[in-house]
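Single-structure report; data block below.
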Amino acid sequence: MPRAPTTLDPFNAVAEPKRRRVLELLADSEQGEMPVNDIVDSLRWPQPMVSKHLGVLREVGLVSVREDGRQRYYRINGEVLKPVYDWAKTFERFWSRQLDRIKQRAEAKAREQAEAKKHQQQKKENES
């Protein structure tokens, strides 16, 4: 079965890691939008590669473009990204459980290390 084109919907578009990186960069921008040249500089990718990914993101509506003279500014369209967020949120309970287990293991390990350190200090004191 052939792969679905990446331009069908936001889910397919964000399946590509490089496009997710572009979205992350735009999300982190202080002004809420970035000119293409800044995106190219920040990602250190060739300009045609950036343009290709921005084109796909624009085609599915995840980003919009504003032209100011010869410069193009891109920004995220949060409304189009929301269904992806809503879908991923259904799995949040699994992340919470996993994070709770990781936290418990880390705290137990920290207690063990603190006890071992305390034991070593007491041993040194007793040898002195």
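The values are calculated or read from the model by the stated rules, or taken from the named source; none is laboratory data. Remember, predicted model here, so these are calculated numbers, not experimental data.
Would you please name the residue that is farthest from P83 (Cα to Cα), looking only at residues in the range 7-35 that are among the polar types (S, T, N, Q) and assigned to a loop (DSSP other than H, G, I, E, B)? Step through it out loud before you land on a result.
Going through the range 7-35, the residues among the polar types (S, T, N, Q) turn out to be 7, 12, 29, 31.
Imposing the further condition that a residue be assigned to a loop (DSSP other than H, G, I, E, B) reduces the set to 7, 29, 31.
Details: T7: 16, S29: 22, Q31: 24 Å.
Here the answer is Q31.
Could you check the range 71-123 and list, in sequence order, the residues that are modelled with pLDDT of 85 or more and of a type in the set (S, T, Y)?
Result: Y73, Y74, Y85, T90.
Hey, does the range 105-127 have a residue that's among the small types (G, A, S) and under 29 Å from D9 (Cα atoms)?
If we filter the range 105-127 for residues that are among the small types (G, A, S), which is where we start, we get 106, 108, 110, 114, 116.
Going one step further and asking which of them are under 29 Å from D9 (Cα atoms), we end up with none.
No; the residues of the range 105-127 include none that is among the small types (G, A, S) and under 29 Å from D9 (Cα atoms).
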